[in-house]
Amino acid sequence: MHLVRLDITGFKSFAKKTSFDFNVPIVSIVGPNGSGKSNVAEAIRFVLGEQSMKSMRGKRGEDMIWNGSPTSPRANRASVVIVFDNSSRFLNIDFDEVSIERVVHRDGVNEYKMNGSSVRLKDIMELLAGANIGATGHHIISQGEADKILSASVRERREMLEDALGLKAYQYKLEESTRKLEKTDENMRQVEALRREIAPHLRFLKRQVEKLEKAEALRASALIRFRTYFKQEEVYLETSKHSIDSSLTTLNKELDTISQKVAEAKHSLADSAEDKRGTVIFEVSSALDTVRRERAEALRKASRLDGTIEGMERTIKSASVPSQEITKLVEEGEQSMQSLESKSVAEIITYIKEFFARFRALSADSAHDSSDITALKAERDEARESEKALAIKETELASSLDNIRAELDAARDNERDKERALFELASAERDVRHNLSMKQSERERLSLERAEFERELEEAGMLIGREILGYQAEHIEEKASREHQSAEKRELEKTKIRLEEAGTGAGADTLKEYKDASEREAFLEHELADLQSASASLKDLIQNLEQELSVRFKDGIDAINAEFTKLFAMMFDGGTAALVRVAEPVRRRIETPGEESESEEESGETVPGIDISLSIPRKRVKSLVMLSGGERALTSIALIFAMSSVNPPPFLVLDETDAALDESNSRRYGDMVEALSKKSQLAVITHNRETMSRAGILYGVTMGNDGVSKVLSVKLEEAVKVAK
Ligand code: ATP
């Protein structure tokens, strides 16, 4: 027993909550016309997710809600709850009891709940389809719908049979898989389109990245070379600076020493220059000249006096000279002699000239006497004495002059040596100064080279980046020659040009873009592979499902046919009936221009369908259209029961399916109902006493003046009464 209970609240004529228990194989619902019996069948349709309002005799959701009566106000919502016993797990959900509720509100909004939790309609449909409670409602045969299966087209009939055979679950799967396949194929097309779209950009980016990688490789190799070059340059600059600085220090020291020596030598020379010996020589030689002149004068005087004396003595012999006068002159001369000592030679000469003039006048005037001669002799002796003294003085002065000259010569020799030494020192100083200026200009040149080095470093840094500064940590085996460095510099200049051409500007952006684009491409490739494999497995699944469906359908039809023929023969006391698989041609409309009328023609395509072939004993009935109403009812009941017995639904609702049956057929119907109730629970709505008699529970539905359906459990006899 699967169906446990049905609670109807506010649904159609069931204004108040009304419950039906279904814990017996057959439940019969009876009651007068219009009391609301069919509303019960519709409540079951409704709660199982029926979307066609028409099949529930309404136009919109609102029509399902209790509409009110003069004594009872209308409801805002209609709710139907169906409760299943799921201890056998006929519903694929892990609950022993499953309640499904559907609520519709006046605004047409529907709510679905499963065991109190909100769910989607789809979830309910899937769950039910798995238990052969399909959407086409083959298990709910509404009033007058029994021969629906007979009047349906071959195609519709096929669908109804598929549903009854429980193939809907496969079909859902098939449809879903086909939808998924279409979606997958669509996604594949989109992914392929996307890949085609990004491919040129990706190729472009790849080329850019290759260029960048080349540039990066160039940069990396240039970096090593630049670092070595700069290290060599730095070593060169440092060692050169060190060597120049130490040379400068040495040279400056040397210069200091030499300069000091030069100063000393100059000082010494200056001292020599101040020597007074030259003046002394001049003075001594002047004095010597004077002494020599005086001596010669004294000699001449003595000689002259000798001559005078001689003359006078001869005169005396010839004449006499007053002696007193001469004596007086001599005395005067002698007195003057003392004062002459301090006189100069010129003054002495003048004096002597005057003396002689006076003497000559005296002698001329008078005769000389012998006293005058004596005086002259004395004067002559004195002159001789003076000459002798002067000779000694001359000798002394000459010797002193010789000494001074010898000293002066010696001093001059010494000075020349000093001058030579000074000259040598000055020359050495010049050399040192020259060397110093050479070193200074070397240092200036080196600072220019240092500036050039800084400039080159900055330039390389701009091209290669900060890593260039790592040159300081470079280790070099041996110092490179300047020629090698110059050659390297020329090569690096070429490298710089190549680096500039390779460009480094938007490198990071391009790499990022390429990374993103190739990740996207890889993602798309992967996605496409996934989609391809999904598509392949979906195709497999579809093929399997189609095969399964086809096999199950064929087997199902065969099984139904066996049952159908049996039941048909039972109903008609013989005869045969069978479902026949046919291919229905698809027809399409043709519109003829200018003409109002339309015609149809076969498209050449076919769809699979199911036809019914039958033969009734003693009648030449070959087609369904030839059957009477009762015969149609019997045929459809036989088919419905055959379908239900082959793949029994958990429950079956039959709404006055027995309406057209005569008494003997009602019995047969009753037998079939009973037989079927062993496989499916049955809820039969009937006016037929025979049918009622087979039910375990009888519900009587009545409707009072308030238009509200009421339900009560009744006994058979009451039921027969209620049904009238
Ligand atoms: P019969 O034996 O003639 O087939 P029945 O017992 O099956 O009759 P139903 O067709 O189930 O009767 O019930 C029809 C009744 O339900 C009508 O009286 C109708 O007015 C009432 N009904 C239908 N929809 C609503 C609604 N939304 N609100 C109130 N009453 C409604």
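The values are calculated or read from the model by the stated rules, or taken from the named source; none is laboratory data. Quick caveat: nothing in here was measured; it's all calculated off a predicted structure. Here the Cβ is made from the backbone with ideal geometry for all residues, glycine too, and neighbour counts use every protein chain on show. For the accessible areas, the whole protein counts, side chains as well, though only heavy atoms, and no ligand, DNA or RNA atoms are used. Shrake-Rupley method; radii C 1.70, N 1.55, O 1.52, S 1.80 Å.
Of all residue pairs spaced 6 or more apart or on separate chains, those with beta-carbon atoms under 9 Å, a first member in the stretch 671-687 that is of a type in the set (Ser, Thr, Tyr) and a second member that is open to solvent by 70 Å² or more (accessible area, probe 1.4 Å) are THR686/ALA659. When each of SER13, SER28, SER52 is tested for being within 21 Å of GLU656 (Cβ to Cβ) and near the ligand (Cβ under 9 Å from one of its atoms), the lone residue that passes is SER13. Sub-8 Å Cβ pairs linking a first residue in the stretch 17-41 that is more than 21 Å from LEU676 (Cβ to Cβ) to a second residue that is more than 15 Å from the ligand (Cβ to nearest atom), at least 6 apart or interchain, are LYS17/ASP7; THR18/ASP7; SER19/ARG5; SER19/ASP7, ordered by first then second residue. Annotation for the stretch 223-233: at least one member residue is in contact (Cβ under 8 Å) with a residue 12 or more places away in the chain, touching an Asp or Glu at 6+ places or on another chain (Cβ under 8 Å), hydroxyl-bearing (Ser, Thr, Tyr) and surrounded by 16 or more Cβ atoms within 10 Å (Cβ to Cβ). Given the condition of a type in the set (A, V, I, L, M) and either outside any helix (DSSP H, G or I) or farther than 17 Å from SER644 by Cβ (or both), answer yes or no: does some residue in the stretch 555-564 qualify? No - not one qualifying residue is present in the stretch 555-564. Restricted to the stretch 469-515, and to residues there that are closer than 14 Å to LEU218 by Cβ and among the aliphatic types (A, V, I, L, M), the residue that is most open to solvent (accessible area, probe 1.4 Å) is ILE497. Could you list, in sequence order, the residues of the stretch 707-721 that are aliphatic (A, V, I, L, M) and closer than 12 Å to SER19 by Cα? Selection gives VAL711, LEU712. Just one residue in the set ILE373, ILE392 is surrounded by 19 or more Cβ atoms within 10 Å (Cβ to Cβ) and of a type in the set (Val, Ile, Thr); that residue is ILE373.
Just one of (1) under 24 Å from GLU145 (Cβ atoms); (2) open to solvent by 30 Å² or more (accessible area, probe 1.4 Å); (3) at pLDDT below 95 fails for GLY108. It is (1).
When the stretch 31-59 is filtered for residues that are among the acidic types (Asp, Glu) and assigned to a loop (DSSP other than H, G, I, E, B), only GLU50 remains.
In the stretch 234-263, of all residues being surrounded by fewer than 13 Cβ atoms within 10 Å (Cβ to Cβ) and not polar (S, T, N, Q), the one that is nearest to ALA451 (Cα to Cα) corresponds to GLU238. I need a count of the residues in the stretch 194-222 that are more than 30 Å from ILE468 (Cα to Cα) and open to solvent by less than 40 Å² (accessible area, probe 1.4 Å). Count: 3.
The residues of the stretch 60-71 that are open to solvent by less than 20 Å² (accessible area, probe 1.4 Å) and assigned to a strand (DSSP E or B) amount to a single one, ILE65. Yes or no: ASP63 away from the ligand (no atom under 13 Å from the Cβ) and more than 60 Å from the chain's Cα centre (by Cα)? When the stated conditions are applied, ASP63 does not pass them. Beta carbons closer than 9 Å, at least 6 apart along the sequence or on distinct chains, pair a first residue in the stretch 652-667 that is open to solvent by 60 Å² or more (accessible area, probe 1.4 Å) with a second that is within 13 Å of the ligand (Cβ to nearest atom) and of a type outside the set (Gly, Ala, Ser) for ALA659/GLN143; ALA659/THR686; ALA659/HIS687; ALA659/ASN688. Residue check: is SER28 assigned to a strand (DSSP E or B) and in contact with an Asp or Glu (Cβ under 7 Å, 6 or more places away or on another chain)? In short, no.
Suppose the filter is closer than 30 Å to ASP671 by Cβ, in contact (Cβ under 8 Å) with a residue 60 or more places away in the chain and within 15 Å of the ligand (Cβ to nearest atom); does SER88 pass it? No.
Each row is one residue, and each column tells you yes or no for (1) modelled with pLDDT of 90 or more; (2) exposed (fewer than 13 other Cβ atoms within 10 Å of the Cβ); (3) touching a Cys at 6+ places or on another chain (Cβ under 6 Å).
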position: GLU407; (1), (2), (3): no, no, no
position: ASN414; (1), (2), (3): no, yes, no
position: LEU422; (1), (2), (3): no, no, no
position: ARG430; (1), (2), (3): yes, yes, no
position: SER437; (1), (2), (3): yes, yes, no
position: SER441; (1), (2), (3): yes, yes, no
position: PHE453; (1), (2), (3): yes, no, no
position: GLU456; (1), (2), (3): yes, no, no
position: ARG466; (1), (2), (3): no, yes, no
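Against the criterion of being in a helix (DSSP H, G or I), within 17 Å of GLU297 (Cα to Cα) and open to solvent by 60 Å² or more (accessible area, probe 1.4 Å), GLU354 qualifies.
Counting only helices (runs of 4 or more DSSP H) that fall entirely inside the stretch 639-724 and contain at least 3 residues that are within 16 Å of the ligand (Cβ to nearest atom) and either in the same structural domain as ILE82 (by TED's automatic domain parsing) or charged (D, E, K, R) (or both), the qualifying elements are 689-693, 716-722. Confirm whether VAL586 is open to solvent by less than 80 Å² (accessible area, probe 1.4 Å), touching a helix residue (DSSP H, G or I) at 6+ places or on another chain (Cβ under 7 Å), at pLDDT below 90 and of a type in the set (Val, Ile, Thr). In short, no. Do we have LEU624 as in contact with a helix residue (DSSP H, G or I) (Cβ under 9 Å, 6 or more places away or on another chain), open to solvent by 10 Å² or more (accessible area, probe 1.4 Å) and either at negative phi or modelled with pLDDT of 85 or more (or both) here? For LEU624, the condition - in contact with a helix residue (DSSP H, G or I) (Cβ under 9 Å, 6 or more places away or on another chain), open to solvent by 10 Å² or more (accessible area, probe 1.4 Å) and either at negative phi or modelled with pLDDT of 85 or more (or both) - is met.
ALA375 - would you say it is on the phi < 0 side of the Ramachandran plot and in contact with a Gly (Cβ under 8 Å, 6 or more places away or on another chain)? Spelling it out, ALA375 is indeed on the phi < 0 side of the Ramachandran plot and in contact with a Gly (Cβ under 8 Å, 6 or more places away or on another chain). Exactly one of these conditions fails for ARG57: (1) within 15 Å of the ligand (Cβ to nearest atom); (2) surrounded by 15 or more Cβ atoms within 10 Å (Cβ to Cβ); (3) of a type in the set (D, E, K, R). Give me its number. The single condition ARG57 does not satisfy is (2).
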